[in-house]
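The values are calculated or read from the model by the stated rules, or taken from the named source; none is laboratory data. Computed from a prediction, not measured in an experiment: that's the story for all the values here. Every residue, glycine among them, receives a Cβ derived from its backbone with ideal geometry; neighbour counts consider all protein chains shown.
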Amino acid sequence: MDEPGIFRPPVPANEPVRSYAPGSPERASLQRRLAEMAGERIEMPLVIGGREVRNGRAVPAVMPHDTAHALGTVCWAGPGEMGRAIDAARRAWPEWSRTPWTDRAAVFLRAADLLAGPWRDTLNAATMLGQSKTAHQAEIDAACELCDFLRFNVAYASRMYAEQPESAPGSWNRMEYRPLEGFVLAVTPFNFTSIAGNLPTAPALMGATVVWKPSESAPYAAHHLMRLLQAAGLPDGVINLVHGPGSELVPAALAHPDLAGVHFTGSTTVFRSIWSQVGENIGSYRNFPRLVGETGGKDFIVAHASAEPEALLTAIVRGSFEYQGQKCSAASRVFVPDTLWAGLRERLREQVEAIPMGDVADFRNFMGAVINERAFRRHEEAIAEARSRPGHTVLAGGQVDAARGWFVRPTVVVTEDWDSRLLKEELFGPIVTVAVYPEREYEPMLERVDRSVPYGLTGAVFATDRRAIRTALDRLRYAAGNVYVNDKPTGAVVGQQPFGGSRASGTNDKAGSLWNLARWVTPRVIKETFVPDRDYRYPYMG
Ligand code: NAD
């Protein structure tokens with residue numbers, strides 16, 4: 001059916017963040033839902049062509065902060081089921097890719113409103129229980145950011161469609177933003193429910209059909225998200241959910257000739273391996289697949305001698321330790337001038353030692369557990385290294401405890417060793433390393449911040465001196481795709497700070513923006529001439 005109108009979608013606004021303060025209705029409601037869901041044991045099947053698929057391979061999903069507590073069992077697919085999911089996406093493509101865009105948009109706008117309303121507690125509770133986020137961290141991720149992705153993307157799509165070429169007299173040029181031909185593979189990380197939602201829905205909004213491989217460590221939120229999308233009216237086969245190990249399932253999808261794109265967020269190593277496999281298969285695809293990957297980081301805070309100590313302190317604590325430092329944007333290296341450090345050191349130690357950590361269902365906690373045993377061991381090893389290596393001091397934290405869950409105390413390491421591994425490698429946990437520099441060596445310090453890591457994701461500059469701010473922004477021009485002045489390097493908001501970095505941090509296509517959506521379409525230009533010429537000879541030939 002044709003669309004008899006040029007429709008304008010609702011103007012998006014950021015979903016307001018609820019406080020969950022004591023006595024608030026939202027707190028009571030979320031606590032009820034948490035208790036309900038923690039009391040259930042559910043099955044998390046694959047969803048292929050709209051149908052739930054189970055096989056004999058059921059793996060338990062546990063809470064990171066209470067590893068004896070299983071939330072249910074997840075059905076893990078094998079390459080055969082990956083093939084069935086691709087077939088389902090291909091079968092859904094002819095209809096979905098021709099569905100009027102307003103109908104596609106309405107599905108995702110309805111999903112956003114369901115999430116903001118009746119599904120809010122379910123997705124927040126799932127993110128708290130399955131990924132060990134506090135109520136606040138779940139709210140800004142699973143509820144608000146995902147609502148924002150869904151609503152803003154619709155507005156961006158409409159802006160893109162309105163972008164049309166000029167037409168000379170006698171003709172009409174039209175740009176048709178065709179959905180990619182084939183299927184898009186969305187491979188999502190454990191740390192954000194909003195990213196898990198955005199990576200499959202952004203290409204689907206643009207008319208592509210999708211196979212979605214969520215993280216093995218976050219199947220619970222993925223399960224509830226898929227149910228929410230179905231409740232919103234997503235037609236069968238448009239997004240197919242395939243749980244299971246990435247190393248087994250992803251290569252099977254990358255080998256398919258109809259692979260039209262990969263929408264990935266996760267570690268740099270995995271994205272590089274995906275890119276290599278696509279390279280190896282390049283002769284076998286019908287199209288050149290679009291590769292969009294947002295990957296790792298080693299995000300910095302640099303302080304100038306003119307920085308306000310109180311603001312810097314708060315940024316270090318929040319920027320490094322919220323969600324246990326498991327944000328791609330989390331600060332993990334901090335550079336402070338000696339003159340400022342003297343007054344900061346003890347207060348930082350005291351604040352970090354006092355951070356409450358534990359079960360996220362206890363709302364007094366600021367931190368929960370890290371995601372799994374592999375992460376726990378990685379942090380344990382880094383802390384042991386900080387304790388034993390010359391030139392390193394553990395200023396705060398350093399304790400780990402796996403008795404009940406994967407708990408790692410927020411840890412501040414101070415190092416004099418500018419080549420320390422802790423200043424260079426992404427650990428992706430609650431460990432921040434501070435390097436103190438002589439105040440007069442501000443510019444050499446900036447050079448080292450820029451050169452010493454392969455990443456370029458986020459960073460923050462603290463200074464009140466305008467010249468120092470300008471110098472940092474200039475010297476660190478490619479060191480971060482999202483840079484903050486006098487603010488922590490985390491907490492990007494859709495529509496306000498489009499997110500992504502370059503160098504080893506990804507393709508920088510800015511999630512939740514028009515530039516990202518542009519990767520999921522392949523435009524066709526139609527020129528129509530109203531009165532075509534009827535003589536091949538040009539006037540100059542006369
Ligand atoms: P990960 O790379 O371990 O996993 C991400 C996804 O890749 C998962 O779905 C996983 O199953 C899959 N995968 C794992 N091994 C694979 C393999 N060999 N082949 C194919 N697929 C495979 O990452 P994670 O631990 O889930 O997330 C943390 C990482 O994500 C960090 O490096 C972090 O910086 C990054 N991250 C980046 C951003 C960003 O916007 N730049 C956002 C969130 C997370």
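Quick look at the values:
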item: Filter result for Arg32 (part of a loop (DSSP other than H, G, I, E, B) and charged (D, E, K, R)); result: no
item: Filter result for Glu322 (of a type in the set (Asp, Glu), crowded, with 17+ Cβ neighbours inside 10 Å and within 30 Å of Leu180 (Cβ to Cβ)); result: no
item: Qualifying residue in the range 187-195 (condition: away from the ligand (no atom under 16 Å from the Cβ) and surrounded by fewer than 24 Cβ atoms within 10 Å (Cβ to Cβ)); result: no
item: Sole residue being under 30 Å from Phe376 (Cβ atoms), assigned by TED's automatic domain parsing to the domain that holds Met44 and at pLDDT 95 or above, chosen from Ala116, Ala89, Ala68; result: Ala68
item: Given (1) within 11 Å of the ligand (Cβ to nearest atom); (2) surrounded by fewer than 24 Cβ atoms within 10 Å (Cβ to Cβ), index of the condition Gly491 fails; result: (1)
item: Residue satisfying all of: in the range 245-283; among the polar types (S, T, N, Q) and loosely packed, with under 15 Cβ neighbours inside 10 Å; nearest to the ligand (Cβ to nearest atom) among these; result: Ser247
item: So Ile140, is it in contact with a His (Cβ under 6 Å, 6 or more places away or on another chain) and either modelled with pLDDT under 95 or among the β-branched types (Val, Ile, Thr) (or both); result: no
item: Sole exception among (1) over 23 Å from the mean Cα position of the chain (by Cα); (2) over 30 Å from Arg364 (Cβ atoms); (3) among the acidic types (Asp, Glu) for Asp113, by number; result: (1)
item: Hey, Tyr484 over 14 Å from the mean Cα position of the chain (by Cα), under 24 Å from Ala303 (Cα atoms), of a type in the set (Phe, Trp, Tyr) and surrounded by fewer than 21 Cβ atoms within 10 Å (Cβ to Cβ) or not; result: no
item: Of all residues in the range 57-82 being more than 30 Å from Trp93 (Cβ to Cβ) and over 26 Å from the mean Cα position of the chain (by Cα), the one that is surrounded by the fewest Cβ atoms within 10 Å (Cβ to Cβ); result: Ala68
item: From Gly501, Gly429, Gly495, residue being in contact with a helix residue (DSSP H, G or I) (Cβ under 7 Å, 6 or more places away or on another chain), closer than 24 Å to Phe192 by Cα and outside the structural domain of Ala303 (by TED's automatic domain parsing); result: Gly495
item: Single match in Ile48, Ile42 (criterion: touching a helix residue (DSSP H, G or I) at 6+ places or on another chain (Cβ under 6 Å) and modelled with pLDDT of 95 or more); result: Ile48
item: Single residue of the range 494-503 satisfying the filter (near the ligand (Cβ under 10 Å from one of its atoms) and in a loop (DSSP other than H, G, I, E, B)) that is farthest from Asp299 (Cα to Cα); result: Gly500
item: Counted residues, the range 212-240 - those being more than 12 Å from the ligand (Cβ to nearest atom) and touching a Phe, Trp or Tyr at 6+ places or on another chain (Cβ under 6 Å); result: 3
item: Given (1) within 16 Å of the ligand (Cβ to nearest atom); (2) in contact with a strand residue (DSSP E or B) (Cβ under 8 Å, 6 or more places away or on another chain), index of the condition Asp148 fails; result: (2)
item: Residues that are assigned to a helix (DSSP H, G or I), over 16 Å from the mean Cα position of the chain (by Cα) and closer than 19 Å to Ala21 by Cα, drawn from the range 125-142; result: Ala125, Met128, Ala135, His136
item: Pairs, first farther than 18 Å from Ala196 by Cα and touching a residue at least 40 places away in the same chain (Cβ under 8 Å) in the range 511-523, second crowded, with 18+ Cβ neighbours inside 10 Å and of a type in the set (Phe, Trp, Tyr), C-beta under 8 Å, six or more apart; result: Leu514/Tyr156; Val521/Tyr177; Pro523/Tyr177
item: Unique match (being more than 16 Å from the chain's Cα centre (by Cα) and among the aliphatic types (A, V, I, L, M)) among Ala504, Ala518, Ala492; result: Ala518
item: Residue match in the range 466-473 (condition: assigned by TED's automatic domain parsing to the domain that holds Arg318, part of a strand (DSSP E or B) and farther than 14 Å from Asp299 by Cα); result: no
item: Members of the range 99-122 that are among the charged types (D, E, K, R) and farther than 16 Å from Met226 by Cβ; result: Asp103, Arg104, Asp113, Arg120, Asp121
item: Any hit, the range 37-52, residues being of a type in the set (A, V, I, L, M, F, W, C), loosely packed, with under 13 Cβ neighbours inside 10 Å and over 27 Å from Ala186 (Cα atoms); result: no
